[in-house]
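The values are calculated or read from the model by the stated rules, or taken from the named source; none is laboratory data. Here the structure is a predicted model, which means the values were calculated and not measured. Please note: Cβ atoms are built from the backbone with ideal geometry, for glycine as well, and neighbour counts cover all protein chains shown.
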Amino acid sequence: MSRSDLEEILDLTDTFAEIGRRPIPKVPALRGRTVATAFFENSTRTRMSFETAARRLSADTVAFSAGSSSLSKGESLRDTVEVVASYGADLLVVRHAMAGTAHRVADWTDLSVVNAGDGCHEHPTQALLDCYTLREQRGSLDGMRIAIVGDIRHSRVARSNILAFTALGAEVVLVAPATLLPPAIDGWPVTVFHELDLLLADLDAVYLLRMQQERITEGLIPSLREYANDFGLSTDRVARMRSDALVLHPGPTNRGVEISAEAAADPRSVILDQVVNGVSVRMAVLFQLLGSGQQLVAADIEPVGDDARPEGVDR
Ligand code: NCD
């Protein structure tokens, strides 16, 4: 996506963030539409975030998750997608352990397809919510120096964020042991460091990645403890960051590995803002793909009448 494509979604997200702060955060924009989620790989927050976004827009949701489905009976990916689509879905949110799955699925169906993470490849809505969070805190990413730290090699979040952060004018520094960098990094718009301590005082934001233990099959690091010593955002390291620097993590965090509990709870940490903003950004994405000619009209974002609670009833 170009800078202006990204900015368009981030601007639209402002409207949906405002809806999220209402006592009843629900609007009729996608009434009558159905959003299907097909998660072939485990997820807590991304799936809940998409489902919450769909419900806040009054869309219906159908959920498919691999663990409890006929996939274990050998149903193919294509069959599964066709079945999910046949429930009248207008849009399909797909997560899969294999790179390229969302693109492949989009070839098989006329529905809009949103990539919610494909293997080590990309996680576009995560990048959007991270950009939104940085922009909310700083007004703009222009000129920011952001370090992405950790298991870059297996991280779809890093790949999407490198593209998005640089498109919005930030400088990206990767910090990782050589074994956790992708084999071919030439041409990426980044600089690479192998030591976090040298940079800490010079960063506007530190983006920590989860150690993706499910994707690490070789002995790429000596031990988690050694990794934490060299690359973890410890309590001592967070103390050496600038007072206005920001700490981000896509979740789920391995406390004590890539980040200490104290660093995650530091006032500079915006990890919970990322979760809240994830819903607003996904509302913007769903609306952009399914909404009335893509222009928000007043009727789209009126409070939903039939959902109003009786007076005096607390939420
Ligand atoms: C990320 C993912 O699944 O790629 N998490 C997420 O979407 N909340 C990052 C991760 O799993 O480490």
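Within segment 202-228, which residues are modelled with pLDDT of 95 or more and not hydroxyl-bearing (Ser, Thr, Tyr)? The answer is Asp202, Leu203, Asp204, Ala205, Val206, Leu208, Leu209. In the set Phe40, Phe16, only one residue is in contact (Cβ under 8 Å) with a residue 24 or more places away in the chain, touching a strand residue (DSSP E or B) at 6+ places or on another chain (Cβ under 6 Å) and not charged (D, E, K, R); that residue is Phe40. If only residues of segment 29-51 that are among the hydrophobic types (A, V, I, L, M, F, W, C) and either part of a helix (DSSP H, G or I) or farther than 20 Å from Glu82 by Cα (or both) are counted, the one that is farthest from the ligand (Cβ to nearest atom) is Ala29. Only one of the listed residues (Ser280, Ser234, Ser223, Ser269) is out of contact with any Lys or Arg (no Cβ under 8 Å at 6 or more places or on another chain) and in the same structural domain as Glu51 (by TED's automatic domain parsing). That residue is Ser280.
For segment 121-142, state whether one or more residues are within 21 Å of the chain's Cα centre (by Cα), assigned to a loop (DSSP other than H, G, I, E, B), closer than 21 Å to Leu181 by Cβ and modelled with pLDDT of 95 or more. Within segment 121-142 (the criterion being within 21 Å of the chain's Cα centre (by Cα), assigned to a loop (DSSP other than H, G, I, E, B), closer than 21 Å to Leu181 by Cβ and modelled with pLDDT of 95 or more), the answer is yes, since at least one residue qualifies. The number of residues in segment 214-260 that are within 16 Å of the ligand (Cβ to nearest atom) and free of Cβ contacts under 8 Å to residues at least 12 places away in the same chain comes to 2. Residue count for segment 52-65 satisfying the condition of being in a loop (DSSP other than H, G, I, E, B) and either among the aliphatic types (A, V, I, L, M) or in contact with a strand residue (DSSP E or B) (Cβ under 7 Å, 6 or more places away or on another chain) (or both): 2. Of all the criteria given as (1) aromatic (Phe, Trp, Tyr); (2) touching a Lys or Arg at 6+ places or on another chain (Cβ under 9 Å); (3) at pLDDT 95 or above, the one not satisfied by Trp108 is (3). Of all residues in segment 184-194, none satisfies being at pLDDT 95 or above, within 15 Å of the ligand (Cβ to nearest atom) and aromatic (Phe, Trp, Tyr). Of all residue pairs spaced 6 or more apart or on separate chains, those with beta-carbon atoms under 8 Å, a first member in segment 87-107 that is closer than 18 Å to Gly291 by Cβ and a second member that is among the basic types (Lys, Arg) and more than 15 Å from the ligand (Cβ to nearest atom) are Asp90/Arg33; Leu91/Arg33. Looking across segment 112-158, the residues that are more than 16 Å from the ligand (Cβ to nearest atom), closer than 30 Å to Asp90 by Cβ and either buried (at least 22 other Cβ atoms within 10 Å of the Cβ) or not assigned by TED's automatic domain parsing to the domain that holds Asp244 (or both) come down to Ser112, Val113. So is Leu208 crowded, with 19+ Cβ neighbours inside 10 Å and either without any contact (Cβ under 8 Å) to a residue 12 or more places away in the chain or touching a strand residue (DSSP E or B) at 6+ places or on another chain (Cβ under 6 Å) (or both) or not? Yes: the conditions hold for Leu208.
Close Cβ contacts (under 8 Å, 6 or more residues apart or on different chains) running from residues in segment 109-120 that are farther than 11 Å from Phe39 by Cα to residues that are of a type in the set (Lys, Arg) and in a loop (DSSP other than H, G, I, E, B) comprise Cys120/Arg153; Cys120/Arg215. Take Ala263 and decide whether it is away from the ligand (no atom under 15 Å from the Cβ) and either surrounded by 19 or more Cβ atoms within 10 Å (Cβ to Cβ) or touching a residue at least 60 places away in the same chain (Cβ under 8 Å) (or both). Judged against the criteria, Ala263 is a match.
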